[in-house]
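*Asks:* Here it is, the structure in full.
The values are calculated or read from the model by the stated rules, or taken from the named source; none is laboratory data. Model, not experiment: these values are computed from the prediction. Don't worry about glycine lacking a Cβ; one is built from the backbone with ideal geometry, like all the others, and counts go over all protein chains shown. The area values use the complete protein model at the heavy-atom level, side chains included, leaving out ligands, DNA and RNA. Shrake-Rupley method; radii C 1.70, N 1.55, O 1.52, S 1.80 Å.
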Amino acid sequence: MGTQSSVRGGAFRLLLCTTVLGFGGYALLLPVVPLWVAHGGSGAFGAGASTGVFMLFTVLSQFGVPWLLRRIGHRWVLGIGLALVGAPAPAFALSAALAPVLGLSAVRGVGFGLLTVGGAALVAELAPAGEHGRASAWLGVAIGLPQLTLLPLGVTGVDRLGFPVVLALGASPLLALPLVPFLGPPARAVARAAPSAGRGEGGRAASAAGGFGRAGPGGWAVTAGPVVAMLACATAQGGLVTFLPLVAEAGAVTVALFGTAVGALAGRLVAGELVDRYSLGGRLLAPGVAFTLVGMLVEVFAVSAEAPAGLAEVGVFSGGALLVGLGFGLVQNDSLVALFAAAGPARYGHASAVWNIAYDAGTGVGALGLGAVAQAFGFGGAFGVAAALVLVATPFTLRRRPC
């Protein structure tokens, strides 16, 4: 394990800087590209298609990242991902027509898939297994801070600076490329040593997984708990973030979305500390799902009861959103740690891919699937379906014996 760093090591800190810059370009343009294509005359369909194509190619590329990690290594995967997310950003300004925007969105989606899976896998490689909770939590902070600050600033920046300037700033992932060579070699020695680790090491890994899998180089079994929890909670939050602006006043929406982001950051930090200090890997899924469920029920009440405008509306919507964010933060961190422990060092890339696919697929379902429900039954019905999905996921999060 001599090749590994720690959460205090220089390589890990450089990875966090790389993540901030990489996700900064993503967060800044997430609301701006749909505005740009709508500005070009494609309307709501074009705006939705730009995000939909981006997420589609993100998920599709994530399936192939474990293979790429084995063939060319973590740093090449991360560097290519940063280049594909950042380099096309200024090119959006050349045309707001739908076809070129969708083409550039597809390229950026592939890059984002490489960035998300490669970055999360490298976290597991750079930090010892005993620090995976804290390492995953700090990764969550590095991902969450750009979204907390740059999501609203992108739209404001368009009003103040214009589309070309903001689109050019979306190339910020390119600034991280010089950092990639200094991230340190992945801990391949750990993966090679795994076959000789013996039953004791496998038992400890299974314990860290909270009973949600079996570690071992010859294959790993992941039970439904971490994946189902991620899918359900990502669907709930995806729907909440997408449709809150359509059901509440602007002030309530701003506070609620901020509360969701803050809750997610807090949940990941708390989960990281608890997992490493008290060996609770896999055991925080149930409380995280419970917080998310209660938060979505509060949103159902807020929409159905038509909370009065003013402070009461702000309080109800933001309270529910804070609970959803907190619960999803717990689930994000704990499910990633559980999957790493279940996979074992030789298959960290596979665990990262499974986790990211669940995250992004759930977010897409929350935006598209719940949108179809809202079209037929209203936003209260859409939030109710999201709460029902979280409720159905609850039994899968209960701790089981190791496989």
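*Asks:* If Ala96 satisfies all but one of (1) small (Gly, Ala, Ser); (2) open to solvent by less than 10 Å² (accessible area, probe 1.4 Å); (3) modelled with pLDDT under 95, what's the number of the condition it fails?
*Replies:* The number of the failed condition is (2).
Condition check ((1) assigned to a helix (DSSP H, G or I); (2) modelled with pLDDT of 95 or more; (3) open to solvent by less than 40 Å² (accessible area, probe 1.4 Å)) across all residues:
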site: Val33; (1), (2), (3): yes, no, yes
site: Ser42; (1), (2), (3): yes, no, yes
site: Gly48; (1), (2), (3): yes, no, no
site: Ile80; (1), (2), (3): yes, yes, no
site: Leu84; (1), (2), (3): yes, yes, no
site: Leu102; (1), (2), (3): yes, no, no
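*Asks:* If the Cβ limit is 9 Å and pairs must be 6+ apart or interchain, which residue in segment 310-325 that is within 11 Å of Val255 (Cα to Cα) pairs with which residue that is modelled with pLDDT of 95 or more and not in a helix (DSSP H, G or I)?
*Replies:* Short answer, once both residue conditions are applied: none.
*Asks:* Run Arg277 past the list (1) surrounded by 21 or more Cβ atoms within 10 Å (Cβ to Cβ); (2) more than 26 Å from Leu368 (Cα to Cα) and report the number of the one that doesn't hold.
*Replies:* (1)
*Asks:* Tell me, which residue of segment 308-337 that is open to solvent by less than 20 Å² (accessible area, probe 1.4 Å) and either of a type in the set (D, E, K, R) or not in a helix (DSSP H, G or I) (or both) is nearest to Phe377 (Cα to Cα)?
*Replies:* Glu313
*Asks:* Kindly list the number of the only condition in (1) open to solvent by 30 Å² or more (accessible area, probe 1.4 Å); (2) in a helix (DSSP H, G or I) that fails for Ala256.
*Replies:* Among (1) open to solvent by 30 Å² or more (accessible area, probe 1.4 Å); (2) in a helix (DSSP H, G or I), the lone unmet condition for Ala256 is (1).
*Asks:* In addition: Take Leu21 and tell me if it is touching a Phe, Trp or Tyr at 6+ places or on another chain (Cβ under 8 Å), in a helix (DSSP H, G or I), open to solvent by 20 Å² or more (accessible area, probe 1.4 Å) and modelled with pLDDT of 85 or more.
*Replies:* Working: touching a Phe, Trp or Tyr at 6+ places or on another chain (Cβ under 8 Å): no; in a helix (DSSP H, G or I): yes; open to solvent by 20 Å² or more (accessible area, probe 1.4 Å): yes; modelled with pLDDT of 85 or more: yes.
So Leu21 fails the test.
*Asks:* Next question. Going by the conditions given, is Pro345 out of contact with any Phe, Trp or Tyr (no Cβ under 7 Å at 6 or more places or on another chain), modelled with pLDDT under 90 and either of a type in the set (Asp, Glu) or under 30 Å from Trp138 (Cβ atoms) (or both)? Spell out how you get there, then give the answer.
*Replies:* On the way: out of contact with any Phe, Trp or Tyr (no Cβ under 7 Å at 6 or more places or on another chain): yes; modelled with pLDDT under 90: yes; either of a type in the set (Asp, Glu) or under 30 Å from Trp138 (Cβ atoms) (or both): yes.
When the stated conditions are applied, Pro345 passes them.
*Asks:* Only one of Thr397, Thr363 is open to solvent by 10 Å² or more (accessible area, probe 1.4 Å) and either in contact with an Asp or Glu (Cβ under 9 Å, 6 or more places away or on another chain) or β-branched (Val, Ile, Thr) (or both). Can you tell me which? Walk me through how you get there before you give the answer.
*Replies:* Numbers: Thr397 fails: open to solvent by 10 Å² or more (accessible area, probe 1.4 Å).
The match here is Thr363.
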